[in-house]
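Report on the following structure.
The values are calculated or read from the model by the stated rules, or taken from the named source; none is laboratory data. From a predicted model like this one, the values you see are computed outputs, not experimental measurements. Virtual Cβ from ideal backbone geometry, glycine too; neighbours counted across all protein chains shown.
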Amino acid sequence: MKKGVPELLALDRAHVWHPYGPMPGRSDPYLVESARGVRLRLFDGREIVDGMSSWWAAIHGYRHPVLDAALAEQAGRMSHVMFGGLTHQPAIDLASTLVELAPDGLEHVFLCDSGSISVEVAIKMALQAQLARGHPARRRLLTWRGGYHGDTFHPMTVCDPDGGMHSLWTGVLPVQVFAQAPPAEFDPGYAAELEALVERHAGEVAAVIVEPVVQGAGGMRFHHPEYLRVLRRATEANGIFLILDEIATGFGRTGEFFAAEHAGISPDIMCVGKALTGGYLTLAAALCTGEVAAAISAGAGGGLAHGPTFMGNPLACAVANASLGLLADGTWRARVRAIENGLRGGLEPLRDIPGVADVRVLGAIGVVQLDHPVEMAAATAAAVAEGVWLRPFRDLIYTMPPYVADDEDVSRIVAGIAAAVAAG
Ligand SMILES: *Cc1c(COP(=O)(O)O)cnc(C)c1O
């Protein structure tokens, strides 16, 4: 039965919890009726350009015919079967393709439900492998401030201590080792400190985990890729694993297929998620080297202690295969570059507006940082009035458009950001 907008919003307020908010929410969410291409259609008939790609995921836009067809075709075959003792071609194809595309050395793929779970699995891989290699004392993790790795408990421990509200969890979460947040430019002093920190904690740390080049939800910060080479050398020299969280940066967002390519390094373990299925279904993966897999497999327990109910979901794998198929011809590179140019040209002038602290653009990511917290509701409404969907947080108004956004869409997004800056 079709319900009216007021009734739906009243029920939403009464029963539906939304991300990072109280119950009920501080303001009514916008009700979406459908979506197509880069546009969300609201219930009142307005169409707005999605500047968020549904949180980095919908890189090909909505209702893409190739992805729709892959999903329908797989639904006609089977939607799901358990992965214990059974396997299927969508998962086999996906794992093989990911290994082909991933940085050298990553050979094994553990499929899981969401980004946070892939980080849990990556951490579990590192801890189990260290244990199996005879280093039971190596139980902690090392990262830098300003990061974000998910909302389940162990990923929370490596999120930025302030942004992740670690004070709320004193005595609940293990305390990890933090370096200062990485500077944008290369600073040899910082690099030396980072290296010394890894060395100093080598006896008690199982792995270093970081987002390569772009720290996303922790603050939309960019850093020099040389720091990743420093971490690669330092972890290798000290027998510690390097985990790269490519959940936000993977699949072309930063201008390279994986952000690790900016540094020319390979991690021991890598997480992917978000854009993996082109934004259709929840799916993520933790990839690891043969060495990590061999250690875990030879250790106590005789395997990796993880196995979600919906592991390797065929619908999600089929649509992920179709999404990777769309990326295979490499035309995303030119699109990401065009979006980068459009965002740079459009956003740079905002630097001179009072209240703007910084403007930064990398690949298909554009960020305007204010010198004060954003007035969320006002900024969002101002962008929607310009025909653009944005979701600012803290002091940040930012966009990562679908790659199919054309120059006109990007201009509209820029106008939406300008309106949000003025209002927020
Ligand atoms: C979004 C994100 C996660 C968590 O993924 P979910 O699918 O939301 O659990 C982890 N790491 C990074 C870098 C992310 O951007």
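Table: residues versus (1) assigned to a helix (DSSP H, G or I); (2) farther than 30 Å from Val367 by Cα; (3) in contact with a strand residue (DSSP E or B) (Cβ under 9 Å, 6 or more places away or on another chain).
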{"residue": "Arg232", "(1), (2), (3)": "yes, no, yes"}
{"residue": "Leu242", "(1), (2), (3)": "no, no, yes"}
{"residue": "Ile265", "(1), (2), (3)": "no, no, yes"}
{"residue": "Cys271", "(1), (2), (3)": "no, no, yes"}
{"residue": "Ala285", "(1), (2), (3)": "no, no, yes"}
{"residue": "Ser297", "(1), (2), (3)": "yes, yes, no"}
{"residue": "Gly303", "(1), (2), (3)": "no, yes, no"}
So, Ser96, is that one assigned to a helix (DSSP H, G or I), of a type in the set (S, T, N, Q) and away from the ligand (no atom under 16 Å from the Cβ) or not?
yes
Could you pull out the residue among Gly203, Gly163 that is within 16 Å of the ligand (Cβ to nearest atom), surrounded by fewer than 24 Cβ atoms within 10 Å (Cβ to Cβ), touching a residue at least 60 places away in the same chain (Cβ under 8 Å) and not aromatic (Phe, Trp, Tyr)?
Gly163
Would you check if Thr254 is polar (S, T, N, Q) and closer than 25 Å to Arg333 by Cβ?
yes
Wholly within region 308-422, which strands (runs of 3 or more DSSP E) include no fewer than the required count, namely at least 2 residues that are surrounded by fewer than 21 Cβ atoms within 10 Å (Cβ to Cβ), modelled with pLDDT of 95 or more and among the β-branched types (Val, Ile, Thr)?
none
Can you report the number of residues in region 55-93 which are crowded, with 18+ Cβ neighbours inside 10 Å and in a helix (DSSP H, G or I)?
7
Does His88 qualify as being more than 16 Å from the ligand (Cβ to nearest atom), at pLDDT 95 or above and over 30 Å from Gly218 (Cα atoms)?
yes
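Does region 166-194 hold any residues that are part of a helix (DSSP H, G or I) and crowded, with 19+ Cβ neighbours inside 10 Å, and which are they? Break it down stepwise before answering.
Kept after step one, since they are part of a helix (DSSP H, G or I), are these residues of region 166-194: 166-169, 188-194.
Across region 166-194, the qualifying residues are Tyr190, Ala191, Leu194.
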Subset of region 110-122 [in contact with a strand residue (DSSP E or B) (Cβ under 7 Å, 6 or more places away or on another chain) and more than 9 Å from the ligand (Cβ to nearest atom)]
Phe110, Leu111, Cys112, Val121, Ala122
May I ask you to list the residues in region 228-254 that are touching a residue at least 40 places away in the same chain (Cβ under 8 Å), more than 16 Å from the ligand (Cβ to nearest atom) and surrounded by 20 or more Cβ atoms within 10 Å (Cβ to Cβ)?
Ala234, Ile240, Phe241
Could you go through region 2-14 and let me know if any residue there is of a type outside the set (Phe, Trp, Tyr), in a loop (DSSP other than H, G, I, E, B) and surrounded by 12 or more Cβ atoms within 10 Å (Cβ to Cβ).
no
Picked from region 25-38 (must be at pLDDT 95 or above and surrounded by 15 or more Cβ atoms within 10 Å (Cβ to Cβ)), the residue farthest from the chain's Cα centre (by Cα) is Tyr30
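Go through the residues of region 142-157 one by one and say whether even a single one is more than 16 Å from the ligand (Cβ to nearest atom) and either without any contact (Cβ under 8 Å) to a residue 40 or more places away in the chain or in a loop (DSSP other than H, G, I, E, B) (or both). Even if it seems obvious, please write down each step before you answer.
In the first step, residues of region 142-157 are kept if they are more than 16 Å from the ligand (Cβ to nearest atom); the result is 142.
With the extra rule that they be either without any contact (Cβ under 8 Å) to a residue 40 or more places away in the chain or in a loop (DSSP other than H, G, I, E, B) (or both), the set shrinks to none.
No: zero hits.
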Would you mind telling me which numbered condition in (1) within 11 Å of the ligand (Cβ to nearest atom); (2) farther than 30 Å from Thr277 by Cβ Asp187 fails?
(1)
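Can Gly299 be described as surrounded by fewer than 24 Cβ atoms within 10 Å (Cβ to Cβ), modelled with pLDDT under 95 and either farther than 16 Å from Leu111 by Cα or touching a helix residue (DSSP H, G or I) at 6+ places or on another chain (Cβ under 6 Å) (or both)? Explain how you work it out, then say what you get.
Numbers: surrounded by fewer than 24 Cβ atoms within 10 Å (Cβ to Cβ): yes; modelled with pLDDT under 95: yes; either farther than 16 Å from Leu111 by Cα or touching a helix residue (DSSP H, G or I) at 6+ places or on another chain (Cβ under 6 Å) (or both): yes.
Against the criterion (surrounded by fewer than 24 Cβ atoms within 10 Å (Cβ to Cβ), modelled with pLDDT under 95 and either farther than 16 Å from Leu111 by Cα or touching a helix residue (DSSP H, G or I) at 6+ places or on another chain (Cβ under 6 Å) (or both)), Gly299 qualifies.
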Selection within region 284-331 - within 16 Å of the ligand (Cβ to nearest atom), small (Gly, Ala, Ser) and closer than 29 Å to Ala207 by Cα
Ala284, Ala285, Ala286, Ala320
Identity of the residue in region 273-283, part of a loop (DSSP other than H, G, I, E, B) and more than 10 Å from the ligand (Cβ to nearest atom), that ends up surrounded by the most Cβ atoms within 10 Å (Cβ to Cβ):
Gly278
